[in-house]
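**Student:** Questions regarding the structure given below will be posed in turn.
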Amino acid sequence: MNDLTVEKRRARNADEFIIIVKDFCRLENAKDSLRLLKAMLTRVTGGKEGLKGAELEVTSLALGRDKVWKHTQVDILRALQKAITQSRLQGKVFGLSWLNFVNKLVQGEIMDTINFILQLHLSEEILEQDYFDETDRISDPWDSVHFYALDILANIVISSYWDNPGTKKFLRKIVTSGLFEKLLKKIDENSSDRFLTTCMAVYITSNVCTQIGPLTKSGMANKSAIRSHGIIQKLAHFVYKENAIKMANKWFLDGVEQFEFDALAERPDGMTVMSTDGVFLQGCLEMSRKKTRQSAINWATSLQYYSIEYLAAICSPEIGFEEDFLKDKALCKSICRWLRHPIYHSDLCVPVQACLNVISQIGDNGAATWAFMDGRNIARYLGRGMYYPNARAMTMYVEVVTKLARHPGYPRSQIVQNTAICKAAVLGLYSLEETVQVFSLAFLHILVDTDIDNFLQLFPPWEMILFKEFFFDKTDSGLSVTELIVRCTRFHKQKYDAAMAKSPSRPKFDSVRSSSLKDEGNRLFNLFRYEEAALKYSEAINCCPPTVKEKDGKPKWNNLIVTLYCNRAQCYLKDGHDKQALEDCDKAVTRCLGAAERLKDFDNELFKKAVYRRSVALFNLREFERAAMDIVECVILEQERKEFRAHMDKVVMMCRDKFGYEHLRKCIECDGAKGMPLKKCPNCTALYCSQVCQLEAWRDHHRSNCEWYRFDKLRAPKRVPINYM
């Protein structure tokens, strides 16, 4: 158990354990290497794989009395787990790369061994006897083999993301061999004293369902197993508010075994999503008690994320658990709650994106979409998220919105009647993110058939013509702006002609004149003549080419138009015209989405200015949810900038005042102590991890923000609580 008096604790060196697997890793002859590995695995199983019923019970009783066999199982599985972890973190182990190590285990039929291990269960009495046996203290407790086996299995499963052909059949075999059902039993047990084992079981099954669903109908075979084990209810428990963090805290306070501490040290950031770029985070050798607890909470937040991803996977059309998901009202409410709450820091983005995956899968089924949207203000949450200043996030939001709007009747009307969504879809066409362009255009095709008046107001004929000329007409999906115009003229010709008659004359684009007017606007701004400067910027915008042509004739991103919108927005902010400033910032921010990934000469400072100024405008308009999204993105891009930190402090105070505290709380000053006990400012809603952070914030910006907050509370009318459900 974890000694409460020990401030620091050290992880064990993996080298002292992995020496067992040295021989089979270094053998150059593949057959000899596999033979040695299989012999090692046979020592774990005793050659008794595939046992059932009474035979399995007899084997468990025999294992309980055989200390040598128990030690052998722990030593070999621990050695394999440490070796595969070391190869993942350091690139190689005994000259064998991570993927080659994984493939050797697959060829050595490691699945049969894992299947056997997960079937075995020793009584609590035997486990306690082993624990208090002084001659047995060098080894880990026997039930650590379940964690080691699952960690090995997790490495094999995630290797398929690297297009590893050796694991494709392995994934299908997990489902058909009965191993998947054993993993479900591990989740169903949800043992509080083996929290990491539960996390690992959810992690594996989530990834298996995500990958198996689109490839095969094998997942259907486990539909009854998922239902019989009540997995949806278990996942709902993990997803709900702070349940996972409470589980982690309870487990931590009860004491952490050495093998569990090693796992926390190997992955201090939790079960991080391992992307296909092949980069893995290094672990750490030594952790303080506080850092150990923080690592446990990181595992808890990973558990929440993969629980939601698991829900998304089983709600896919291939597996088809939409009805079961919708029957659980508390679960639906939890998903909506994650979407509803403002995002105060980057850790909240991950579960929100997972929730969008769930809704995206629901959106493939018309009846399920109706049921999910009925009585829930989903359109409002999605309308806010459509303005997220991040290309990947906006892609997810616009995809979900388009999927939901495909279904006629109530779902479509709820989406189309949301002005924020429709405006964001038009703005999305101007981004450099191709996926955003495709889904935005798809949504506008739905809008033109549903609400022509709104469509022509947001995307008038003259703007469509200019867009075709300066940006693009047809996407790779086959949708085109020309088709939008054709639909307007064919089915709504009278309204289209009326809108066309109101079109302004075609502007004369001149980049030299536009640049000159910008300089004049800058001069006036520096003289504090904001209104005159705004007029100069407006003239410059009217004659600024939306794009510039490259040598091959393709349109190239023009940062001048973004600069002009950003500068005019600042003038509007100075004069108190926050709505006009917001509109200009929306245009500037959207035109920057995707630019950082595609342009070498992209000015990231310009993007940060646009996002920050939009956050200020939104705050002045008391739209605190969107203001929080913007300023959090600014802080992610530049954490040490005091201007951003000060504004975020004020925004988060007002959001908490309006919506309450978030599920996953952090110190607002150092961005640490996630999920840990925090100290509240006595005068407002700010939270700090220590007196040091509190005093530093007070000195830098919080004093003035706190005074402003108290003054705002006095003059503001009493707020009526908002009913989101």
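The values are calculated or read from the model by the stated rules, or taken from the named source; none is laboratory data. Source: prediction; values computed, not measured. Glycine gets a Cβ as well: all are built from the backbone with ideal geometry, and neighbour counts include every protein chain shown. In case anyone asks, the SASA skips ligands and DNA or RNA and just uses the protein heavy atoms, side chains included. Shrake-Rupley method; radii C 1.70, N 1.55, O 1.52, S 1.80 Å.
**Student:** Could you list, in sequence order, all residues of region 383-417 that are of a type in the set (A, V, I, L, M), open to solvent by 10 Å² or more (accessible area, probe 1.4 Å) and outside any helix (DSSP H, G or I)?
**Tutor:** Selection gives nothing.
**Student:** May I pose another question? Which ones in region 618-643 are open to solvent by less than 10 Å² (accessible area, probe 1.4 Å), in contact (Cβ under 8 Å) with a residue 24 or more places away in the chain and either under 20 Å from Leu593 (Cα atoms) or basic (Lys, Arg) (or both)?
**Tutor:** Answer for region 618-643, where residues must be open to solvent by less than 10 Å² (accessible area, probe 1.4 Å), in contact (Cβ under 8 Å) with a residue 24 or more places away in the chain and either under 20 Å from Leu593 (Cα atoms) or basic (Lys, Arg) (or both): Leu618, Ala627, Ala628, Met629, Asp630, Val632, Cys634.
**Student:** Let me ask something additional. Taking the condition of being assigned to a helix (DSSP H, G or I) and open to solvent by 10 Å² or more (accessible area, probe 1.4 Å), how many residues in region 147-169 meet it?
**Tutor:** 6
**Student:** Moving on to the next point. For region 471-503, name all the residues that are farther than 15 Å from Pro461 by Cβ and of a type in the set (S, T, N, Q).
**Tutor:** Once the filter is applied, which keeps residues that are farther than 15 Å from Pro461 by Cβ and of a type in the set (S, T, N, Q), region 471-503 yields Thr475, Ser477, Ser480.
**Student:** Can I ask one more? If a residue has to be touching a Phe, Trp or Tyr at 6+ places or on another chain (Cβ under 8 Å) and either among the aliphatic types (A, V, I, L, M) or open to solvent by less than 40 Å² (accessible area, probe 1.4 Å) (or both) to count, how many in region 571-592 make the cut?
**Tutor:** Number of matching residues: 11.
**Student:** Now, a different point. Report every pair of residues separated by at least 6 positions or lying on different chains whose Cβ atoms are under 6 Å apart, first residue within region 104-126 and more than 19 Å from His71 (Cα to Cα), second aliphatic (A, V, I, L, M) and crowded, with 19+ Cβ neighbours inside 10 Å.
**Tutor:** Gly108/Leu37
**Student:** Now for a separate question. Please specify each residue of region 445-460 satisfying the condition of being more than 18 Å from Lys403 (Cα to Cα) and either over 32 Å from the mean Cα position of the chain (by Cα) or buried (at least 19 other Cβ atoms within 10 Å of the Cβ) (or both).
**Tutor:** Passing the criteria: Ile452, Asp453, Asn454, Phe455, Leu456, Gln457, Phe459, Pro460.
**Student:** How many of the residues making up region 473-504 are open to solvent by less than 40 Å² (accessible area, probe 1.4 Å) and not β-branched (Val, Ile, Thr)? Spell out how you get there, then give the answer.
**Tutor:** In the first step, residues of region 473-504 are kept if they are open to solvent by less than 40 Å² (accessible area, probe 1.4 Å); the result is 475, 478, 480-481, 484-485, 488, 496, 499, 503.
When the remaining residues are screened for being not β-branched (Val, Ile, Thr), the result is 478, 480, 484, 488, 496, 499, 503.
Adding up the residues that qualify gives 7.
**Student:** Looking at (1) assigned to a helix (DSSP H, G or I); (2) surrounded by fewer than 22 Cβ atoms within 10 Å (Cβ to Cβ), which is the one condition that is false for Leu264?
**Tutor:** (2)
**Student:** A further question on this structure: Within the group Arg513, Arg529, which residue is open to solvent by 40 Å² or more (accessible area, probe 1.4 Å), of a type outside the set (Val, Ile, Thr) and either in contact (Cβ under 8 Å) with a residue 12 or more places away in the chain or on the phi > 0 side of the Ramachandran plot (or both)?
**Tutor:** After ruling out the rest, the residue left standing is Arg513.
**Student:** Here is a follow-up. Scan Glu28, Glu57 and give me the residue that is open to solvent by 50 Å² or more (accessible area, probe 1.4 Å), over 20 Å from Ser139 (Cα atoms) and assigned to a loop (DSSP other than H, G, I, E, B).
**Tutor:** None of the other options fit; the residue is Glu28.
**Student:** Among the residues of region 361-370, write down those that are open to solvent by less than 10 Å² (accessible area, probe 1.4 Å), farther than 12 Å from Ile335 by Cβ and under 22 Å from the mean Cα position of the chain (by Cα).
**Tutor:** Gly363, the sole residue that qualifies.
**Student:** For region 246-261, how many residues are of a type in the set (A, V, I, L, M, F, W, C) and open to solvent by 10 Å² or more (accessible area, probe 1.4 Å)?
**Tutor:** Filtering region 246-261 down to residues of a type in the set (A, V, I, L, M, F, W, C) leaves 247-248, 251-253, 256, 259, 261.
Those still in the list that are open to solvent by 10 Å² or more (accessible area, probe 1.4 Å) too: 247, 253.
Selection size over region 246-261: 2.
**Student:** Name, by its number, the condition in (1) in contact with an Asp or Glu (Cβ under 8 Å, 6 or more places away or on another chain); (2) modelled with pLDDT under 85; (3) open to solvent by less than 10 Å² (accessible area, probe 1.4 Å); (4) of a type outside the set (Gly, Ala, Ser) that does not hold for Leu122.
**Tutor:** Here Leu122 clears every test but (3).
**Student:** Taking Leu564 as meeting all but one of (1) over 26 Å from Asp473 (Cβ atoms); (2) surrounded by 15 or more Cβ atoms within 10 Å (Cβ to Cβ), write down the number of the exception.
**Tutor:** Condition not satisfied by Leu564: (1).
**Student:** Also: Quick check: is even one residue across region 534-542 open to solvent by 30 Å² or more (accessible area, probe 1.4 Å), among the aliphatic types (A, V, I, L, M) and more than 23 Å from Leu456 (Cα to Cα)?
**Tutor:** Among the residues of region 534-542, at least one is open to solvent by 30 Å² or more (accessible area, probe 1.4 Å), among the aliphatic types (A, V, I, L, M) and more than 23 Å from Leu456 (Cα to Cα), which makes the answer yes.
**Student:** Between a first residue in region 568-582 that is closer than 15 Å to Leu618 by Cβ and a second residue that is assigned to a loop (DSSP other than H, G, I, E, B), which pairs have beta carbons less than 8 Å apart while being 6 or more apart in sequence or on different chains?
**Tutor:** Asp578/Leu621; Lys579/Leu621; Leu582/Leu621
**Student:** It is to be established whether one or more residues within region 48-62 are in contact (Cβ under 8 Å) with a residue 60 or more places away in the chain and among the basic types (Lys, Arg).
**Tutor:** Yes, because at least one residue in region 48-62 is in contact (Cβ under 8 Å) with a residue 60 or more places away in the chain and among the basic types (Lys, Arg).
**Student:** I've got another one for you. Which of the following residues is open to solvent by 30 Å² or more (accessible area, probe 1.4 Å), of a type in the set (A, V, I, L, M, F, W, C) and part of a helix (DSSP H, G or I): Ala442, Ala424, Ala420?
**Tutor:** Sole residue among the options that is open to solvent by 30 Å² or more (accessible area, probe 1.4 Å), of a type in the set (A, V, I, L, M, F, W, C) and part of a helix (DSSP H, G or I): Ala420.
Per-residue answers, yes or no, for (1) closer than 25 Å to Asn207 by Cβ; (2) surrounded by 21 or more Cβ atoms within 10 Å (Cβ to Cβ); (3) out of contact with any Phe, Trp or Tyr (no Cβ under 6 Å at 6 or more places or on another chain):
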| residue | (1), (2), (3) |
| --- | --- |
| Ser288 | no, no, yes |
| Asn298 | yes, yes, yes |
| Tyr305 | yes, yes, yes |
| Tyr310 | yes, yes, yes |
| Ser334 | yes, yes, no |
| Trp338 | yes, yes, yes |
| Tyr344 | no, yes, yes |
